[in-house]
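Below: one structure, written as structure tokens.
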Amino acid sequence: MEFFSALWEHPFLQHALIGGLLASIGCGVIGSYVVVKRIGFLAGGISHSVLGGMGAAFFLGMSPLGGALVAAVVAALLIGWVRLTWHEQEDTLIGALWAVGMAIGILFISKTPGYSVSLMSYLFGNILMVNPADIWMMAGIDLLILLTVALCYQQFLAVSFDEEFARLRGVPVTFFYLLLLCMVAVTVVLLIQVVGLILVIALLTLPAAIAAHYVRSLGKMMLLATLLGALFTVLGLGISYAPDLPAGATIILVAGTSYLVSLLFTTARKRRELRRQLLRAMQ
Amino acid sequence: MSAPSVVSLRNVSFSYGGPRVLDGVNLEVEEHEFLGIVGPNAGGKSTLLKLMLGLLEPLRGEVRILGEPPQRSRTQVGYVPQYPQFSRDFPITVEQTVMMGRLGMSGLFGNYRRRDRAVARQAMAETEVLDLAARQLCTLSGGQLQRVLVARALACEPRILMLDEPTANIDMRVETEIFDLLKRFNKRMTIIVVSHDIGFISGYVNRVACLNRTLICHHTAAIDGDTIRSLYDADVKMVEHRH
């Protein structure tokens, strides 16, 4: 309750809330693809190697988020290329890119003169620092994601569902696969402000994974995952405010706990149904 | 030769980097033929199909489908894979899955038109899965899923239908039903089916290609115990039959 009265008074909290809600859109829509296509590991690789670009931008005195955007797209294309060309060594290579990207970032940041506390806010996010310029950028990224998904919905569906069959139908699979990874990359940048690049992967997968427990179409999954993402950010923000906890980490804990509860609930429900079917069959 | 071949393989060899999987394979398939490709496991049957689909490139030799390289003609080919690449719990309905067969033909952004829906529904009706249209893939039985995969291939309106072990994981009764369906489709398209069960398919196909690295063709009536013994290198249960 304290949170809601504070929300009324402090513009920084309002910005944080708007930022969180904008991030939920990207995480719900693109997170659904990450979950159904099972590219969580690829998304993890993309998000961590983003630190390289952020560090370089920071060192050169440019906008770290701009650097993150460039680095994320480069990492996505690199990882996509690795997956398409060296399928056998995929996990080793992505693991290497993951670590090398972070190492580059840390080197740049350590050589940047001045205060280096911002490293923590890149890694773990700082939603309370979201400013109006960030909000505009986040809204722009959301618009880009929504437009791309609206235009390429069928192709993305085909490529996520069955790449081989899509290729046989003349769909340019490589192009749409890389485009999808680029969308994952810009979503990572969208979420960095909120939870930081280490925790991005949780917000990218957990709401969509919970949604998958309850709905049976990709479109509904995106919608429910967006709503869940919004719920988790607002709840996390609210819970973290009074005891002054880190907002990003609190949001992730709320999402993680919800996922666990949902998983236990759906497993129990499935088992109950099976037992009922078995009983009916025996009668 | 009478009609031009719809499938033409000349001296095709292939390897995955190790020993030759296929060696000097020649094959001509005419329009409206029902060809069965049989042979032992790891004999190169699926590989041969993938070469005909242009998913693999031959090491040597030439593959022509409908007179063109397979990459150019494959939108006119319907394919039923042995192991579908998708996961069974993907949130998608039967109808959406069958609609995927229309991808190459749909509009600029892959949006489906009314005709695409009509073709997909027709395909579902022919494979008797229309009443499953709204069901999720994960709720289907093995036989139902196989029919959906055939429907998806049929929705491509193919001139050639290629099936890789379409009945490997389903029971005998459903196997018969699926081959009865194929027999009916054969009136309007060429069918190539890979199987390990020569005894069963020889009741349906016009010609059997026996593949174990190299390929030998037989008209179904000419298959006898010796052919099968030399192919599998072991005694195989078989029933003599004449057409």
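Scan (1) in a helix (DSSP H, G or I); (2) more than 14 Å from chain B (Cβ to nearest Cβ); (3) modelled with pLDDT of 90 or more; (4) out of contact with any Gly (no Cβ under 8 Å at 6 or more places or on another chain) for the single condition A:R280 breaks and write down its number.
All conditions are met except number (3).
Just the residues that are over 21 Å from the mean Cα position of the chain (by Cα) and not small (G, A, S), please, taken from the stretch A:240-250.
Matches in the stretch A:240-250: A:Y241, A:P243, A:D244, A:L245.
Looking at the structure I just gave you, is A:T174 assigned to a helix (DSSP H, G or I), of a type in the set (S, T, N, Q) and farther than 20 Å from A:S32 by Cβ?
yes
Considering each residue of the stretch B:38-70, count those that are in contact with a helix residue (DSSP H, G or I) (Cβ under 8 Å, 6 or more places away or on another chain) and under 14 Å from B:T214 (Cβ atoms), and give that number.
3
Name every residue in the stretch B:122-173 that is basic (K, R) and under 22 Å from B:D89 (Cα atoms), in order of residue number.
The answer is B:R135, B:R147, B:R152.
If you scan the stretch B:33-58, which residues turn out to be in contact with a Ser or Thr (Cβ under 6 Å, 6 or more places away or on another chain) and surrounded by fewer than 16 Cβ atoms within 10 Å (Cβ to Cβ)?
None; the set is empty.
Report whether or not A:T233 is more than 14 Å from chain B (Cβ to nearest Cβ), surrounded by fewer than 24 Cβ atoms within 10 Å (Cβ to Cβ), touching a residue at least 60 places away in the same chain (Cβ under 8 Å) and not aliphatic (A, V, I, L, M).
No, not satisfied.
Only one of B:T75, B:T97 is buried (at least 20 other Cβ atoms within 10 Å of the Cβ), assigned to a helix (DSSP H, G or I), out of contact with any Asp or Glu (no Cβ under 7 Å at 6 or more places or on another chain) and at negative phi; which?
B:T97
Within the stretch A:187-235, count every residue that is closer than 27 Å to A:A133 by Cβ and polar (S, T, N, Q).
Residues meeting the conditions: 4.
Would it be correct to say that B:N26 is assigned to a loop (DSSP other than H, G, I, E, B) and surrounded by fewer than 22 Cβ atoms within 10 Å (Cβ to Cβ)?
no
Can A:A158 be described as within 30 Å of B:A153 (Cβ to Cβ) and among the aliphatic types (A, V, I, L, M)?
yes
The values are calculated or read from the model by the stated rules, or taken from the named source; none is laboratory data. Bear in mind that the values here come from a model prediction, so they are computed numbers and not experimental data. Glycine also receives a Cβ, built like all others from the backbone with ideal geometry; neighbour counts cover every protein chain displayed.
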